[in-house]
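Notes follow once the structure below has been shown.
What follows draws every value from the coordinates through simple rules; no lab data is involved. The model shown is predicted, which means the values in this text are computed figures rather than measured ones. Glycine also receives a Cβ, built like all others from the backbone with ideal geometry; neighbour counts cover every protein chain displayed.
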Amino acid sequence: MLFVDGFNVYHSLKSNPKYHKFLWLDFRTLAELFTKKNDTISGLYYFSACATWRPKSMKRHRILIDALKSRGVKAILGKFKEKDKYCSLCKRCFKSREEKQTDVNIAVHLVKEAFLDKYDTAFLMTNDTDLIPAIKVVKDHFPQKKIGVLFPIGRWSAELKGVCDFWRKIERKHLSKSQFPDKLTLPSGIILKRPSTWS
């Protein structure tokens with residue numbers, strides 16, 4: 001079972017212009033690159049939140065989510081919360097937004113699916129150390145289950161690696177092999193197109 005930290009992956013690609021073209025990412029195909037021939041993928045979860053105050057960005061995000069759903073990926077969405085921040089340079093307060101619920105949602109589903117015995121091996125695609133307590137709960141109650149971490153490109157955490165049974169690094173070759181086609185036709189007949197800024 002794959003648990004994808006959507007914004008962790010997004011920012012790993014967005015922070016480097018060389019990887020922008022890989023944002024149109026099919027996580028089922030990516031998961032298959034890290035599984036063995038006789039393995040069965042029992043589920044795929046994508047955790048994120050929509051930036052509702054940025055309509056163009058939200059539209060691209062919704063297109064990706066629709067594409068992922070067509071591949072059997074379950075999207076679990078949190079939200080952004082407005083927050084007051086203070087700038088020590090300009091001595092002013094300003095409004096900022098902070099993503100909420102994603103790491104908690106990942107932790108809850110990781111533990112829940114373990115108790116329901118829905119997986120033997122879990123892949124966490126993230127480098128968020130906030131998930132360590134949830135990993136430890138699963139390992140304490142189900143020592144036979146394996147938990148691995150797939151580090152998004154350019155990201156790494158020795159702490160996370162230390163509590164998992166195994167780890168892998170996502171590389172450019174994996175991203176290249178895991179892209180949706182530029183035009184994706186859904187069973188309903190709706191055609192989804194790769195956003196132009198992701199080319």
For the chain: relative contact order, % (alpha-carbon pairs under 8 angstrom, 6 or more apart): 26
If every alpha-carbon in the chain counts as one equal scatterer, what log10 I(q)/I(0) does Debye give at q = 0.18 1/Å? -1.33
Taking neighbour counts of Cβ atoms within 10 Å as a proxy for exposure, in what order, fewest first, do L77, L192 appear? L77, L192
Summing -39500 (n - 2.57) over every DSSP H run of at least 4 residues in the chain and dividing by its residue count gives a helix-only mean residue ellipticity at 222 nm, to the nearest 500 deg cm²/dmol, of -9500 deg cm²/dmol
